[in-house]
Every structure is written in C-alpha cells, then in structure tokens.
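Structure first, commentary second.
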Amino acid sequence: MELTVQDVSGYDGIPDDATIAVWITAAIGVKDVSITVRIVDEVEMAELNQQYRHKAGATNVLSFPFENPPGVESNILGDIVVCAPVVDREAREQDKTLLSHWAHMVIHGVLHLQGYDHETDEQAAEMEQLETGILSDLGFPAPYAVA
C-alpha cells in the first residue's frame, strides 16, 4: 500500500502515519493500492462539504473514490479527508477515546472508498457491522455502542 498523509490541520493529537496505515490495511486487506489521507481544520472541511455535498458546516470525514479514466488502469483507491477538530469534539461528546474515534473515522472513510454506503437502513447496518468487526479485530470497542 502506498499511503500519503497530509496534515494541514495545525492540530495536536493526530495519529502517526504508521498507525493510520494499520487501520487502512485492516479495512482493505493486503492490496496494492494508493490512498491519500488529508487531515484538515474546520474551515477547509466546511468548504469541501459545501462544494461536494452541498451541506453547510464541517463534517468528520469525507471520501473521494478515484475513478480510472476509460482504458487506464491504476491502483489509486482515492482520498479521505478527516477533520481533526470535529473528530476530537465528537470523541469527547460520545465519551470515546480519541484514538478509537480516529480509527473509526479512517476505517469509515476507507469503506466508503470501496463502495460501502449508509444511505438506506440496510446499507447502514452492513457498513456498521463491518466497522464494528474491523475495530474489534484492532482491539477497539464497538463504535455505535450507547454509553
């Protein structure tokens, strides 16, 4: 796997590249893929959320799957963008460790790159089950458990 991490958030407490790589590998298995993780502040995330989802405000994670042009083969899986201050705030609000919430957001983003979604109840249940299993295998608690 080729991983590029771009931390432009100016935020403390960002997991290191090796840790992020472990989470991504857990979500995709051993595949020869290229992925970029961009870690941003609320201003950049709000701009991206408005531009690409037409929603106001910063969200926790966005995924941008790469689509090969016709006739071109590539191992690029895509990009995920994680908003450090939102992840931090959500972890505190949900009474989760910061590290476990980071792992969840990275895995969630990577699953989106692979085509998983949560637009319907059935899709959400499938994606939540995958996330819970991957996180459990990594030693993290179930992300959707109610405290």
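Computed over the stretch 2-137, relative contact order equals 25 percent, with contacts defined as Cα pairs under 8 Å that lie 6+ residues apart.
In terms of its alpha-carbon gyration tensor, the chain comes out rounded; the largest-to-smallest axis ratio a/c stays below the 1.5 threshold. Rounded to the nearest 500, the helix-only mean residue ellipticity at 222 nm of the chain stands at -14500 deg cm²/dmol, with each DSSP H run of n ≥ 4 adding -39,500 (n - 2.57).
Here the stretch 33-60 and the stretch 95-147 have alpha carbon centers that stand 18 Å from each other. Between amide H atoms placed 1.01 Å from N, distances below 5 Å from Arg38 occur with Gln6, Ile80, Val81, Val82, all of them 5 or more places distant or on a separate chain. Highest average first, the peptides 130-137, 71-78 ordered by how many other beta carbon atoms sit within 10 Å of their residues are 130-137, 71-78.
Laboratory data are not the source of any read-out in this text; all were calculated from the coordinates shown. Source: prediction; values computed, not measured. Quick reminder, even Gly has a Cβ in these numbers, built from the backbone with ideal geometry, and neighbours come from all protein chains shown.
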